[in-house]
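What follows is one structure encoded as structure tokens, with my remarks underneath.
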Amino acid sequence: MIILVINAGSSSLKFTLYDMDDNKKVLANGLIERIGIEGTSMKYSNFKGEKFQDKVDVKNAREGTKLATDFLVDSKYGVLSSLEAINGIGHRIVHGMEKISEPIRVTEKVKEVLKEGALLAPLHNPHNLVGIEACEAVLPGVPNVGVFDTAFHSTMPPRAYLYGLPYSLYTEDHIRRYGFHGTSHHYVSKIAAQIDGRPASSLRIITCHLGNGASITAIKGGKSQDTSMGLTPLEGVIMGTRSGDLDPAIVIHVMEIKNKTPKEMDNLLNKQSGVLGLSGIGSSDLRDIEEAANKGNQQCAQALDIYAYRIKKYIGAYLAALGGLDILVFTAGAGENSSTLRASVLSGLDGLGFKLDTEKNDVRSSEPRVISTPDSLYKIMVIPTNEELAIAESTEQVLKSS
Ligand code: AMP
């Protein structure tokens, strides 16, 4: 099966074409950025090593999808003789409300749910829908499948997803924890179980997805039990630019004393906080902050310490929530690449049974690996995430079963 995976954002379109029958080979991938803004550009490469990178004229997602698919059959850069070879399109979609709990073929009904979800994910769902409609126009007749970030967390029990608020806010206004990064948490937990050799149904796993956005999930028997992001991706651990957990009264207080509108406050919490705000060096990239800390910048060292401490607290909380643990997984940009961060998160946890093999922790690799010592009570793993591949696999499954 040939599957095209589309991730349509507010001004970007990411695409990857897989041949699922040839060992899930990536035939081509690309990224169009700054769509509808000045300086629109596209990067593209195919499995033969041919690359394209230049300014392009793309005003909207539909034109972006058309350009992407033109490249797939282009005489110089193409990898398909005809677009008819594409069997299905998998779309990354952020919010499925309580209505969608697994990957699903896109129908008019599913589109309605996406529109409803826009209430809770105004920055993502409308663009995801535009991406689907662009594919329907450019590749008519090819089935579209939606893979939702929230879906994996639909198994959380009410004690994990309800907030201590008037119940009517849940029943009437859908205020609850939904969680995000579900595709990634699910994917790395499945690989962790494969490496461990025991079935996922018998395991308790904590997955730490630590990228620019970051979230931690407690998984039992292959099902999400709790996760750190909430109604929106703002809750949980400190992130690149997001505050993570804080006393909700701070929001009201800061709005009052700084005369901020809801939109300005939203911007402060989502775009100016996290390690960007704490470090004071104008970067949200952990590499920059680690480098500055290594050169003696105390504020950066403190920001890293806070970042790691918050992750440690979630691991402790989820260890208790799961009533024990089998595997702890680190994934995403910082989780996969920063041995300093992993060591800092696990420092002082030997007594609780987390024994990090420091040599293994320091090895740079793009392969899934175990970084705990043989006598560690819990296995500690680094597993590179691959949300695109996970979406392609889900899309294939949906199409095969329908
Ligand atoms: P992601 O959102 O998964 O693409 O992760 C991107 C983030 O991962 C970057 O903003 C960095 O903060 C972090 N990151 C990537 N590589 C490294 C590295 N070698 N060391 C520390 N952090 C890294």
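Values in this text are rule-based calculations from the coordinates and carry no lab data. None of these values were measured; they are calculated from a predicted model. Note that each Cβ is placed from the backbone with ideal geometry, even for glycine, and that neighbours are counted across all protein chains shown.
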note: segment 109-149, Cα-Cα separations exceeding 16 Å make up a percent value of 32
Taking the reciprocal of mean 1/r across every pair of different Cα atoms in segment 177-258, the Kirkwood radius in Å is 13.9
Cross-link reach from K263 to aspartates and glutamates, straight Cα distance under 18 Å and at least 8 residues apart if same chain, gives E235
Compactness check, segment 1-127: C-alpha Rg relative to the 2.2 N^0.38 Å globular estimate gives 1.12
Which of K99/K260; K14/K220; K14/K99; K111/K400; K111/K220 exceed 23 Å between C-alpha atoms? The answer is K99/K260; K14/K220; K14/K99; K111/K220
Those helices of the chain passing the 18 Å axial Cα length cut-off and the mean Kyte-Doolittle cut-off of -1.0 (DSSP H runs only) are 125-138, 182-196, 298-322, 387-401
Computed from every Cα-Cα pair in segment 64-124, P(r) in 10 Å bins starting at 0 and rounded to whole percents is 19, 36, 25, 19, 1
Excluding residues fewer than 8 positions from K76 in its own chain, the aspartates and glutamates with Cα under 18 Å of it are E50, D54
Length gained, E116-Q302, 0.36 nm per residue minus C-alpha separation, equals 62.9 nm
Across all Cα atoms of segment 209-343, Rg and the largest Cα-Cα distance (Dmax), in Å, are 15.7, 48
Mean Cβ-within-10 Å packing, highest first, puts peptides 120-127, 164-171, 175-182, 344-351 in the order 175-182, 120-127, 344-351, 164-171
The chain, convex hull of Cα, quarter of hull surface, nm² -> 21.3
